[in-house]
1. Does ILE496 count as in contact with a Gly (Cβ under 7 Å, 6 or more places away or on another chain), surrounded by 19 or more Cβ atoms within 10 Å (Cβ to Cβ) and farther than 20 Å from SER513 by Cβ?
2. All but one of (1) in contact with a strand residue (DSSP E or B) (Cβ under 6 Å, 6 or more places away or on another chain); (2) of a type in the set (Val, Ile, Thr); (3) without any contact (Cβ under 8 Å) to a residue 40 or more places away in the chain hold for ILE168; which doesn't?
3. Residues in the stretch 232-252 that are part of a helix (DSSP H, G or I) and either touching a Gly at 6+ places or on another chain (Cβ under 8 Å) or buried (at least 18 other Cβ atoms within 10 Å of the Cβ) (or both): how many?
4. Test LEU473 against the stated conditions and say whether it is of a type outside the set (D, E, K, R) and either open to solvent by 30 Å² or more (accessible area, probe 1.4 Å) or under 29 Å from GLN101 (Cα atoms) (or both).
5. For the stretch 194-205, indicate whether the set of residues that are surrounded by 16 or more Cβ atoms within 10 Å (Cβ to Cβ), free of Cβ contacts under 8 Å to residues at least 24 places away in the same chain and either of a type in the set (Ser, Thr, Tyr) or not in a helix (DSSP H, G or I) (or both) is non-empty.
6. Taking the condition of being under 21 Å from ALA457 (Cβ atoms), part of a helix (DSSP H, G or I) and open to solvent by 30 Å² or more (accessible area, probe 1.4 Å), how many residues in the stretch 505-530 meet it?
7. If ASP12 satisfies all but one of (1) acidic (Asp, Glu); (2) open to solvent by less than 70 Å² (accessible area, probe 1.4 Å); (3) more than 30 Å from ASP526 (Cα to Cα), what's the number of the condition it fails?
8. Can you tell me which residue is nearest to PHE228 (Cα to Cα) among those in the stretch 163-193 that are open to solvent by 10 Å² or more (accessible area, probe 1.4 Å) and of a type in the set (Val, Ile, Thr)?
Amino acid sequence: MTPEQLSATIVDALAALVADGAITLPDGVPTRVTVERPRQKGHGDYATNVALQLAKQAGTNPRAFAELVAKKLTESDAIADVEVAGPGFLNITVDAGAQGQVATDIVAAGESYGASDAFAGEKINLEFISANPTGPLHLGHTRWAVLGDAIGRVLEASGADVTREFYINDRGNQMNLFGASVEAAAFDQPIPENGYQGGYILDLARKLVAEDPGLLELPEGPDRTVAFREAAYGAQLAEQREQLELFQTHFDVWFSERALHGSDDDTESSVVTGLQKLRDQGHLVDNDGALWMRTTDFDDDKDRVLIKSNGDLTYFASDTAYYVNKRERGFDRCIYLLGADHHGYVNRLRAMAACTGDDPDRNIEVLIGQLVKIIKGGEEMRLSKRAGTMVTLDELVEEIGVDALRYSLARYPADSPLTLDVEQITKASSDNPVFYVQYAHARTNAILRNAADLGLAPESHPDLLVHEKEGELLRALAEFPRVITAAAELREPHRIARYLEATAGSYHRFYDSCRVLPMGDEEPGDLHKARLTLVQATKTVLANGLHLLGVSAPERM
């Protein structure tokens with residue numbers, strides 16, 4: 001019995017009490033009841049405070065209400081015992097057979113176990129990383145590469161229709177400086193002032209010239225600089241895509257900032273239509289020759305310029321047009337994952353959404369991630385894109401590995417600064433969380449292989465799983481759907497990682513206390529087969545959980 005099934009059983013008991021006239025609930029029977037794992041051993045498998053919540057509505061005291069519910073619950077074959085504690089808490093012990101059935105159900109569900117329809121019907125745009133295409137992806141991008149992808153995975157597992165989107169900042173002066181820097185490197189000339197100085201610029205220039213020697217034959221001038229800019233842009237963007245795919249981070253849409261603007265005389269561009277929508281809403285004002293959005297109407301600290309007095313568009317004009325474009329593509333909610341230096345964007349983006357006529361509590365969401373430090377040999381690995389001393393994503397993967405890096409970044413809340421030690425997160429020991437979880441999965445596979453060699457296969461005998469450690473593991477496995485839903489609702493995939501670590505611990509304790517395979521001349525029995533089902537269920541949950549983090553589930557270690 002999972003917590004969701006127990007909740008449904010309690011709801012059925014309440015409905016039966018109302019039907020019998022034992023209680024009255026003027027506001028109706030709730031559709032779900034919260035059940036929790038008790039903190040103290042001996043207080044049953046689950047606890048609920050439903051009596052405390054509903055007694056006043058029913059016109060009785062909580063303990064009397066709890067006594068009625070307890071009596072009705074014990075009529076269920078799935079409930080072994082119900083204790084009324086304190087002012088009206090219900091401590092519920094689930095029947096061993098009903099608890100053991102969890103393992104059978106998990107095995108039957110397979111890869112779909114843990115999924116729900118909590119976000120069914122919701123179309124979500126999830127934008128993250130959105131780096132300039134002017135250099136390799138680096139440490140500053142890795143945290144959102146992991147968390148953004150994992151948030152998308154848990155939302156999808158909860159029924160949402162998610163589009164992962166990368167916004168390509170391919171417009172503006174930084175692109176011109178990028179092109180001029182690569183051009184200068186190709187001709188062995190000094191890099192322009194404020195240009196890009198990294199060693200990767202020379203490498204990129206050599207690559208482009210090798211692929212297209214004709215670049216060197218172009219006459220000096222603006223057209224040649226543009227040719228280098230566009231060639232470098234295409235090559236750098238292709239590299240970013242390849243880096244992210246190898247890092248197990250996939251994007252459904254790569255959206256070019258240029259596409260928002262169209263040609264200079266494009267009257268149907270997203271910028272033009274976005275500004276018109278704002279005019280229609282009455283939140284634009286002309287002042288001193290510039291066009292402003294009155295974001296102070298919606299709690300921003302100041303109004304925002306969209307078009308400067310010289311006619312140039314601001315970055316915020318592009319941000320606004322991009323948001324309107326997303327909403328016109330049918331997304332119900334637009335989630336932005338931004339870096340630690342973007343705290344000031346939260347209110348202005350929410351105000352911008354309100355200016356378009358949207359509900360900022362419903363249609364837009366801004367998450368801020370904190371910085372990451374990587375320590376190697378007691379010293380911090382630093383980055384600087386322009387100085388050329390960056391630590392690239394490729395270098396981090398080579399140094400740490402995809403699984404260790406992804407898992408280590410995923411297991412902490414995004415809003416907390418993070419320091420990772422290379423030695424700690426790559427060592428093969430039980431105090432390294434990623435190794436601990438992956439080893440538990442590999443161990444389940446080893447047991448199932450050994451069982452197959454003995455001619456043993458998992459069979460469903462839920463009534464036999466009565467050992468204390470079996471019950472602990474079953475209850476842990478039953479929590480998985482709730483953990484996914486919470487991770488999706490709160491945008492906190494680290495809950496998956498911490499759950500996997502706790503469940504791996506429950507599995508190791510079960511394995512140490514309960515012999516799964518027969519020893520010596522011992523005859524294989526139904527208990528062995530039942531425990532193999534529990535092992536297979538654990539394997540399923542660990543694999544499903546690691547998948548949500550974009551981490552592999554090895555069969556051998």
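1. Taking the combined requirement at face value, the residue satisfies it.
2. ILE168 satisfies every listed condition except (3).
3. Of the residues in that region, 8 qualify.
4. yes
5. Yes, the stretch 194-205 contains at least one residue that is surrounded by 16 or more Cβ atoms within 10 Å (Cβ to Cβ), free of Cβ contacts under 8 Å to residues at least 24 places away in the same chain and either of a type in the set (Ser, Thr, Tyr) or not in a helix (DSSP H, G or I) (or both).
6. 4
7. Among (1) acidic (Asp, Glu); (2) open to solvent by less than 70 Å² (accessible area, probe 1.4 Å); (3) more than 30 Å from ASP526 (Cα to Cα), ASP12 violates only (2).
8. ILE191
The values are calculated or read from the model by the stated rules, or taken from the named source; none is laboratory data. Bear in mind that the values here come from a model prediction, so they are computed numbers and not experimental data. Neighbour counts run over all protein chains shown; Cβ positions are idealised from the backbone, glycine included. Please note that ligands, DNA and RNA were not included when accessible areas were found on the heavy atoms of the full protein model with its side chains. Shrake-Rupley method; radii C 1.70, N 1.55, O 1.52, S 1.80 Å.
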